[in-house]
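Peer 1: Could you have a look at this structure, given as structure tokens, before my questions?
The values are calculated or read from the model by the stated rules, or taken from the named source; none is laboratory data. Worth saying up front: this structure is predicted, and the values here are computed from it rather than measured. Every residue, glycine among them, receives a Cβ derived from its backbone with ideal geometry; neighbour counts consider all protein chains shown. Ligands, DNA and RNA are excluded from the accessible area calculation, which covers all protein heavy atoms including side chains. Shrake-Rupley method; radii C 1.70, N 1.55, O 1.52, S 1.80 Å.
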Amino acid sequence: KAIETLNRQLAKQHAHEEAIIHRELALAYWELIYKNLMRGVLGKQILDKVVYHCGKAEALNLQDFHLTVLKARIAMFEKDYDNADKLFRDALAQGASATKVLPYIAELAYVKRDFSQVRKLLKSTQVLTKIPHFGMVAALWSQHA
């Protein structure tokens with residue numbers, strides 16, 4: 001229903017508002033993938049919609065960390081780990097919260113088997129230990145040198 005509403009609004013907007021709606025559509029479609037509601041061929045079609053709406057938002061000069069984080073998550077999903085790492089770091093530079101982004105960067109370091117980087121990232125801020133479910137992992141990695 002939210003996707004339908006956003007698609008209707010899209011036809012009525014100016015460039016900046018249109019870019020925001022494209023970003024919101026990309027995020028809404030991404031949720032379907034993230035929550036594992038779409039798999040197989042349909043999942044690929046939904047992923048194509050996410051990429052399409054991200055591209056439209058960028059083409060309309062939307063530069064914000066929400067879009068950059070989404071692009072990083074797509075890259076991570078597609079196992080393009082180097083690009084994902086770069087995009088997550090770009091999102092930090094654009095103002096994304098460290099509590100939202102550092103766990104992904106740490107996960108990428110873990111996937112790359114760079115355990116010293118995982119430890120360094122998780123020790124870099126105590127804020128990560130306050131994140132539900134993730135906090136215990138951050139605390140454990142921070143304790144072992």
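Peer 1: Could you list, in sequence order, the residues of the range 94-145 that are within 20 Å of the chain's Cα centre (by Cα), more than 26 Å from L67 (Cβ to Cβ) and at pLDDT 80 or above?
Peer 2: V118
Peer 1: Here is a follow-up. Scan the range 30-37 and give yes if some residue there is farther than 24 Å from E17 by Cβ, assigned to a loop (DSSP other than H, G, I, E, B), modelled with pLDDT under 90 and not aliphatic (A, V, I, L, M), otherwise no. Spell out the reasoning first.
Peer 2: Of all residues in the range 30-37, those farther than 24 Å from E17 by Cβ come to 33-37.
Keeping just the survivors that are assigned to a loop (DSSP other than H, G, I, E, B) gives 35-37.
Those still in the list that are modelled with pLDDT under 90 too: 35-37.
With the extra rule that they be not aliphatic (A, V, I, L, M), the set shrinks to 35-36.
Looking through the range 30-37, at least one residue is farther than 24 Å from E17 by Cβ, assigned to a loop (DSSP other than H, G, I, E, B), modelled with pLDDT under 90 and not aliphatic (A, V, I, L, M).
Peer 1: A further question on this structure: Mind listing whichever residues of the range 58-87 are hydrophobic (A, V, I, L, M, F, W, C) and over 18 Å from K100 (Cβ atoms)? Before you say what the answer is, go through the steps one by one.
Peer 2: Residues of the range 58-87 hydrophobic (A, V, I, L, M, F, W, C): 59-60, 62, 65, 67, 69-70, 72, 74-77, 84, 87.
Selection gives A59, L60, L62.
Peer 1: Counting only residues that are touching a helix residue (DSSP H, G or I) at 6+ places or on another chain (Cβ under 8 Å) and either in contact (Cβ under 8 Å) with a residue 24 or more places away in the chain or loosely packed, with under 14 Cβ neighbours inside 10 Å (or both), which one in the range 38-50 is farthest from V101 (Cα to Cα)? Working first, answer last.
Peer 2: We begin by selecting, within the range 38-50, every residue touching a helix residue (DSSP H, G or I) at 6+ places or on another chain (Cβ under 8 Å); these are 38, 43, 46-47, 49-50.
When the remaining residues are screened for being either in contact (Cβ under 8 Å) with a residue 24 or more places away in the chain or loosely packed, with under 14 Cβ neighbours inside 10 Å (or both), the result is 47, 49-50.
Working: L47: 21, K49: 23, V50: 20 Å.
Ranking the candidates gives K49 first.
Peer 1: L87 passes all but one of (1) at pLDDT below 95; (2) open to solvent by less than 30 Å² (accessible area, probe 1.4 Å); which number fails?
Peer 2: Here L87 meets the rest and fails (1).
Peer 1: If a residue must be in contact with a Ser or Thr (Cβ under 9 Å, 6 or more places away or on another chain), farther than 25 Å from L32 by Cα and buried (at least 17 other Cβ atoms within 10 Å of the Cβ), how many such residues does the range 93-119 contain?
Peer 2: So the count comes out to 2.
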